[in-house]
Every structure is written in structure tokens, then in C-alpha cells.
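Notes to accompany the following structure.
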Amino acid sequence: MRLLVINPNTSQGITDRIGQAAQSAAQPGDRITTLSAAFGPELIVTPEDGMEAARGVVETIRSQPVLPDAIILASFGDTGAEDVRALWPDIPVIGIAEAAFESARQMGGPFAIVTFAPEVAPPLRDKAIEHGVGDQLIRVAAHPEALQGDPADVAEALFAELLTLCQTCKNDGAKAIVMGGGPLAGLAARIGPLCDVPVIDGTVEAVHQIRARINSHAPLSKTGAART
């Protein structure tokens with residue numbers, strides 16, 4: 001499987017984290033390329049950020065010498081998904097929010113989202129509702145301080161605080177936890193064993209789900225298109 005993973009943010013540090021998470025889900029024969037958007041914000045926060053980032057995502061795909069078998073958009077806004085599907089309708093596309101929330105849906109029961117800053121919490125809640133799992137979502141738990149410094153550093157700098165938030169959500173009744181945001185890619189593998197409930201990494205889930213779709217030739221979600 002030739003898989004192109006695009007970080008719609010332009011932070012190379014976040015892209016590196018996403019790439020490592022994607023590679024952790026690779027199987028023999030997979031060729032996974034992870035790139036930042038060609039241009040745009042370092043971290044998507046506002047709707048305006050998202051529109052600019054979507055244009056950067058499209059330009060990244062256009063610059064590829066060979067189109068991939070599938071594309072993962074590694075932001076929790078699924079940034080650029082509509083544009084990419086319209087321009088390349090034969091290539092399966094999945095966003096990491098779509099993948100994470102589909103995993104939560106399949107597990108059933110209540111779940112929580114844990115994220116790194118209060119300003120990203122409302123969009124994460126909105127995205128859960130958009131993907132049809134708002135009724136299962138009991139809480140979006142965010143680190144209370146606004147993001148400062150390089151967003152690629154938050155997973156390590158806030159590890160203890162994020163672990164505490166996960167444990168609190170579990171105690172509040174969450175049967176699964178979604179790590180919300182590209183900067184937290186790869187963190188689920190470290191927090192999960194310490195939390196006693198499944199901790200979902202959207203990038204890892206996206207790799208698994210897009211592979212299953214390709215192998216089965218199954219239709220994508222209502223927002224996607226199957227590759228034939």
C-alpha cells in the first residue's frame with residue numbers, strides 16, 4: 001500500500017510525530033510517506049486557518065510525482081478532505097478525526113476526548129457531533145492553559161497532565177478515550193497501558209481503516225469514494 005499521510009499543519013515537529021505513529025501501524029510492503037502541507041499555519045485553530053491549510057494540502061498532493069493508493073489527512077479538522085475527494089475521487093481519503101470517532105463508535109459506550117489546550121476543545125466537540133458520536137461523548141477534557149511554544153513539544157511537556165486527564169475521564173465513566181489533535185500523535189501507545197481503557201490514536205486508526213477499505217474494496221463513508 002502506497003500511503004500518503006499529510007499533516008495539514010506546517011509544523012515539522014508535529015509531522016515527524018505523525019509519521020512515527022503511522023509507521024507504527026505499517027505492515028510489510030507498505031510505503032508510507034508523511035509530509036506537511038505545502039503552506040499554511042503551523043497549527044490550525046481558527047476556520048480561516050483551516051481554509052488556508054486545505055489549500056496547502058491540495059498543493060502537496062499536486063506536487064507528488066506518483067499518486068498514492070490512499071491519503072490520510074492528519075488533523076482533527078479532517079482539513080482539506082472535501083477538496084481532495086472532489087479533485088481525486090478515485091483515491092480513498094480518510095481524516096484522523098473520522099478514523100478516531102469511527103473507532104469510538106465501534107467500541108460502543110461513552111467516550112471522552114483529551115486534548116492539549118482549551119482553544120481546541122470546542123472544535124473537537126463539534127467534530128464528534130459532525131461524525132455522529134456526539135451522544136456518546138461525555139466530555140472534552142483539555143489542559144487548562146493556552147498553548148505556548150512549539151506545538152510539537154506538548155505531548156512530552158504535558159505528558160503527566162494529559163495522563164491525569166485520561167485517568168479522570170476513565171473514572172468519570174469513559175470506556176474509551178480519543179487523544180485529540182495531531183500534536184498528540186503516538187501518545188496513545190504510552191498512555192493506554194497506564195489508563196485501563198482503550199486510548200485511541202487517530203493516525204494509527206486511520207492507517208488500519210484505510211487498509212481495510214482498500215483490501216475489501218468497500219465503499220468509504222458518505223463523505224468519501226471507493227477506489228476501484
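Each value in this text was obtained by applying a stated rule to the coordinates, not by laboratory testing. Just so we're clear, the structure is a prediction, and the values are computed from it rather than from any experiment. Every residue, glycine as well, gets a Cβ built from its backbone with ideal geometry; the counts of neighbours run over all protein chains shown.
At a glance:
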read-out: Residue exposure sequence - S36, S75, S216 - by fewest surrounding Cβ within 10 Å; value: S216, S36, S75
read-out: √(5λ) per eigenvalue of the Cα gyration tensor, region 1-104, largest first, Å; value: 19, 15, 14
read-out: Net +/- balance of residues flanking L43 in space, Cβ distance below 11 Å, scoring K and R +1, D and E -1; value: -4
read-out: Dipole of region 98-202, positive end: most advanced residue of V154, G134, G108 [Cβ charges, Cα centre]; value: G108
read-out: Built amide H within the under 5 Å cut-off of A142, gap 5+; value: T115
read-out: Full-extension gain in nm, S216 to R105, via 0.36 nm per residue minus C-alpha separation; value: 37.9 nm
read-out: Cα centroid of region 142-213 to Cα centroid of region 15-37, whole Å; value: 18 Å
read-out: log10 of Debye I(q)/I(0), alpha-carbon scatterers only, for region 98-202 at 0.14, 0.21, 0.22 Å⁻¹; value: -0.45, -1.06, -1.17
read-out: Radius 14 Å from Cβ of T60, net charge of other residues (Lys, Arg +1; Asp, Glu -1); value: -1
read-out: For Cα Rg over 2.2 N^0.38 Å, calculated from these coordinates, the label among [x] 0.94; [y] 1.01; [z] 1.05; value: [x]
read-out: Sparsely packed GluC sites (Glu not before Pro) within region 129-180, loop by DSSP, other Cβ within 10 Å at most 11; value: E145
read-out: Tilt relative to the chain, helix 121-130 - C-alpha long axis, 0 to 90 degrees, to 10; value: 60 degrees
read-out: Backbone HN-Hα couplings from phi across region 150-156 [Karplus 6.51/-1.76/1.60, Hz, Gly and Pro as x]; value: 6, x, 5, 8, 5, 4, 7
